[in-house]
1. Give me the residue from segment 186-210 that is among the polar types (S, T, N, Q) and in a loop (DSSP other than H, G, I, E, B) and, out of that set, surrounded by the fewest Cβ atoms within 10 Å (Cβ to Cβ).
2. Return the pair list, or none, for Cβ contacts closer than 7 Å from residues in segment 158-187 that are under 17 Å from E221 (Cα atoms) to residues that are acidic (D, E), at least 6 apart or on different chains.
3. Note down all Cβ pairs under 6 Å where the first residue falls in segment 32-53 and is within 25 Å of R282 (Cα to Cα), the second is at pLDDT below 95 and assigned to a strand (DSSP E or B), and they're at least six residues apart or on different chains.
4. Take the residues in segment 182-233 that are acidic (D, E) and over 23 Å from Q267 (Cβ atoms), then tell me which one is nearest to the chain's Cα centre (by Cα).
5. Please work out which one of (1) buried (at least 17 other Cβ atoms within 10 Å of the Cβ); (2) part of a helix (DSSP H, G or I) is the condition G285 fails and give its number.
6. Taking segment 250-282 on its own, how many of its residues are surrounded by fewer than 21 Cβ atoms within 10 Å (Cβ to Cβ), touching a strand residue (DSSP E or B) at 6+ places or on another chain (Cβ under 6 Å) and hydrophobic (A, V, I, L, M, F, W, C)?
7. Here is a list of conditions, (1) at pLDDT 90 or above; (2) more than 16 Å from the chain's Cα centre (by Cα), and M1 meets all of them except one; can you say which number that is?
8. Is it the case that some residue within segment 216-239 is over 25 Å from L149 (Cα atoms) and either touching a residue at least 60 places away in the same chain (Cβ under 8 Å) or in contact with a Ser or Thr (Cβ under 6 Å, 6 or more places away or on another chain) (or both)?
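The values are calculated or read from the model by the stated rules, or taken from the named source; none is laboratory data. For clarity, every value in this text was computed on a predicted model and none was experimentally measured. Glycine gets a Cβ as well: all are built from the backbone with ideal geometry, and neighbour counts include every protein chain shown.
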Amino acid sequence: MTPSRPQIAAIGEILWDELPTGRFPGGAPFNFAHHVHQLGANALMISRIGDDPAGEELRQIVEGLGLDDAFIQRDTLLPTGKVSVQMDGDGVPDYHIHGDVAYDAIAWDAEFDRIAPSLDVLCFGTLAQRSPITRNTIQRLIQMATSALIVYDINLRPPFVNIEIIQESLKRTHWLKLNETELPMLASMFDLPTNDSITSIRALRDRFPGIRLVCQTLGAEGCRIVTDQETITLPGKQVPIVDTIGAGDAFTAAFVCETIAGRSLEQAARFANALAAEVVQRCGGTPILRSDEIARMRESL
């Protein structure tokens, strides 16, 4: 039985997003964990930071947000991760992702043997799997999380796109989340039909039959959800955009939390759209939302 506060873990990168407007905590898994925590679930962030001032500042931010930092490892050799970000006129980011950083060395911890069987959801992505050390830890945790819903928020970031890693990840996935640019990339990788997005998604699910649900975010155009039983397409919310960093991660967090709470897929997607629209109106991928703001968003749907 799922507890009143679901156990939702994210594993992968925690880092600094260095934007023209300033430096913000980020990394897709951390953005996801941050929003899961804001939405009332028990978020576990599994990552690694450097034993340096940048890492200590991140640790203090995690603690200040009320998130547990017990599974954020410290590395005495590698620095804390960072991404240099430039924006175009529409607030769309261009990323320069630095290599040889702490989240490339997430090691297996004996505590993972204890927590893995109790997880309700485990969310992971692609970027942190560029390193064999972290990739092995992620894949081992997936294997041990036998009761968890495995969510692959694919987050493809060239040049860190490896078809073998993606293929192995898709084989282990229950729910796949991708965006409007990532679906054509997968279609090219796996020689899928490209007549339209829904046809491509269905062909992808045929190729990887363990995938029960695919969620495609479409930016301002909304989202679509594809399962065996239904296909849901919802329009987006037109709002002024500051930047789009972390909007997809917020969507994933909201969609997961709402469905676990018993909402229908359509209800969950509507709320996820609303949360993503709120995030793009603020700087960075981890804006803090008050509980009353979240409540008003739900009431407005």
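1. Residues of segment 186-210 among the polar types (S, T, N, Q): 188, 194-195, 197, 199-200.
Still in the list and also in a loop (DSSP other than H, G, I, E, B): 194-195.
Details: T194: 13, N195: 9.
Per the criteria, the residue is N195.
2. K177/D153
3. Final answer for the pair search is N42/Q7.
4. Residue satisfying both the conditions and the ranking: E182.
5. The one condition G285 does not meet is (2).
6. 1
7. All conditions are met except number (1).
8. no
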